[in-house]
Amino acid sequence: MHEPGRTEGQLPAPLPLKERESLAGLLAVGLLSLVVGAGSGLISAAFRLVLARADQLRDAFILWARGEAALGFFAAVLVCAAATALAAWLVRRFSPHASGSGIPHVESVLRRELPPAPAILIPIKFLGGALAMGCGLALGREGPSVQMGATIGNLLGEWCRLGWKNSRVLLAAGAGAGLAAAFNAPVAGAIFVLEELTREFELHTAIAAIGASATAISVSQAILGNAPDFHVGKLADVGGAVRPLFFLFGFIAGCAGVLYCEALLGVMSLAQSLDRRRAGLYAALTGAVVGAVAWLAPGLVGGGDDITQKTLLGTQPLFALAFMFLFRFGFGAVSYATATPGGIFAPMLVLGAQLGLIYGRICQFVFPNLAFEPVGFAVVGMAAFFTGVVRAPLTGIVLATEMTSNVTLLLPMLGACFAAMLAPTLLGCAPIYDSLRELTLQRAGAPVESVGAAEEPVEPRPPRRRFPRFLPLFGFR
């Protein structure tokens, strides 16, 4: 057998120069993505260890402060206010792009709307995040991990002189590796790159994202262990009679996601108005409030992993659960508006699990003859609420599955995420990272449309409503 058009014994024609260069670039990017993943996994694991130690120190300090009556109360308020103000000052002074989650900045860089962050971002993100989350703000470790990983990828690409196209691939791969290591969820990290960061399936990016996530998890598990982040008891399969309840729950979670987006953006607007009067004022005031809350009820503050785990056990009373959900709903928005380093993934997982367990308990009361476990709704709620806020359902489904090591709820989770995706879209609410990216560009003085060499013209988006379209019915504009 021989190829048509070629006589037997004749050598195959050499590949065109452009194709050979493309394959060589793919090989280089693939190999370097493993290095990027290892670096992202190392710094993410170190960040998790530092945050765990910071939580221990905060608990010990609050324990001492509660034994000192009024003196301890004021000490808690002052220390938390100072830590939050210092974190905000580090960001303003040395690396403004290190504020908040960092994911909107990464997306802007990938679209060539903003320049990549310099190396100084990594220590500022690391130290600022440790201060902010260590004092008890409701922020997640995944945002700093994603942005630090992206910066590692871009710096390696620049150091190797790969050019923007391949550096962009390494930047995206590093971001996904940071998410994978932050939550011990390698598949979710790779999917997040394609579904949310680049929003396209491009071969080089897909290969690099998978490779970086694989090495990131290998490094982080060598340091932290391979246990899933959350432990859930064995859950039974969901019967057909119960599945419609998951669709309804998904719609509720999607509407709750709309309200969370609006709360987040509204509090950020308030924080900006305060900071115009005096820079850092909002962060200091918020830190003081966090110190007071930590002294009164230590279990309410922090990123929320312990709260999520307790929720997944399903033992909390309904009214206590509802109160904590409402408190954390507002607390997450207030914390993020400080502009200190920290993400919103972990706080969203708390809210999703709590909302799901509340809904499951209510359904258990309303439909006593149906056989299901309310904790199942808590697991599904983690993915559904995430989907309602971020609008990345595949990432949400895989993330919740990997973090709980539970695959029996994939079908109900799929139905709930469908409804959670549909509800905010019908209500005209933009995904949270789109809104945050617009704010990032406005602060940087850059246009919202891409300034890079796009293959197709970007259609300008209509102005974002301050409230979803159903709220004007109640007098909001």
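Taken together, the values in this text are just the output of simple stated rules run on the coordinates, not laboratory data. Every value quoted in this text rests on a predicted model; they were computed, and no experiment measured them. Positions of Cβ are generated from backbone atoms using ideal geometry, with glycine treated the same way; all protein chains shown enter the neighbour counts.
Taking only pairs that are 8 or more places apart or on different chains, how many Lys pairs in the chain have Cα atoms under 30 angstrom apart?
Eligible lysine pairs with Cα atoms under 30 Å apart amount to 4.
Roughly how tilted is helix 410-426, in degrees to the nearest 10 and between 0 and 90, from the longest Cα axis of the chain?
80
Of all GluC sites (Glu not before Pro) in region 67-167, which ones are in loop regions per DSSP and have a Cβ with at most 14 other Cβ atoms within 10 Å?
GLU68
Over the alpha-carbon set of region 106-152, work out the extent along each principal axis and list the three values in angstrom, largest first.
35, 19, 14
With volume of the Cα convex hull per residue in Å³ in mind, check [x] 131; [y] 225; [z] 183 and report the label derived from this structure.
[z]
If packing is taken as the mean number of other Cβ atoms within 10 Å per residue, what is the order of 29-36, 394-401, 427-434, 198-205, highest first?
By packing density, highest mean first, the sequence is 394-401, 29-36, 427-434, 198-205.
Given region 230-298, report the % of alpha carbon pairs whose separation exceeds 21 Å.
Counting every Cα pair in region 230-298, those more than 21 Å apart make up 60 percent.
GLY140's amide H: which non-local residues (gap 5+, or another chain) put their own amide H closer than 5 Å, with H modeled 1.01 Å from N in plane and none for Pro or chain starts?
Amide H neighbours of GLY140, under 5 Å, 5+ apart: GLY343, ILE344, PHE345, ALA346.
Read phi for every residue in region 162-171 and hand back ³J(HN,Hα) as whole Hz from Karplus 6.51 cos²θ - 1.76 cosθ + 1.60, θ = phi - 60°, with x for Gly and Pro.
So the Karplus estimates, Gly and Pro as x, are 7, x, 5, 4, 7, 5, 4, 4, 5, 4 Hz.
From the C-alpha coordinates alone, can you work out the Kirkwood hydrodynamic radius of region 373-444, in Å?
12.8
If you plug each phi of region 347-355 into the Karplus form 6.51 cos²θ - 1.76 cosθ + 1.60 with θ = phi - 60°, what whole-Hz ³J(HN,Hα) values come out, in order, with x for Gly and Pro?
Working through the residues one at a time gives x, 5, 5, 4, 5, x, 5, 5, 4 Hz.
For region 243-434, what is the convex hull volume of its Cα atoms per residue in Å³?
Measuring per residue, one finds 113 Å³ for the Cα hull of region 243-434.
Run the lone-cysteine check on the chain: no other Cys C-beta under 4.7 Å from the residue's C-beta.
CYS160, CYS255, CYS261, CYS363, CYS417, CYS429
Let me have the 222 nm mean residue ellipticity of the chain computed from DSSP H runs of 4+ only, each contributing -39500 (n - 2.57), with the sum over all residues rounded to the nearest 500.
-23500 deg cm²/dmol
Against the 2.2 N^0.38 Å scaling, with N counting residues, where does region 26-224 land? I'd like the Cα-based Rg ratio to two decimal places.
1.09
Using per-residue counts of other Cβ atoms within 10 Å, averaged over each peptide, order 333-344, 309-320, 276-287, 245-256 from highest down.
Ranking, from highest mean packing down: 333-344, 245-256, 276-287, 309-320.
Please list, in order along region 234-242, the HN-Hα scalar couplings obtained from phi with the Karplus expression 6.51 cos²θ - 1.76 cosθ + 1.60 (θ = phi - 60°), rounded to whole Hz, x for Gly and Pro.
Couplings: 5, 10, 6, 4, 8, x, x, 5, 8 Hz.
Just order 294-306, 230-242, 413-425 by mean Cβ neighbour count inside 10 Å, highest at the front, would you?
Descending packing order for the listed peptides: 413-425, 294-306, 230-242.
Below 8 Å between Cα atoms, with a sequence gap of 6+, how large is the relative contact order for region 26-224 in percent?
Reported relative contact order: 32 percent.
With no solvent and one point per C-alpha, what does the Debye sum give as log10 I(q)/I(0) for region 139-244 at q = 0.16, 0.17 Å⁻¹?
One equal scatterer on each Cα of region 139-244 leads to -0.70, -0.76.
How high is the relative contact order of region 243-434? Use alpha-carbon pairs under 8 Å, at least six apart in sequence, and give a whole percent.
33
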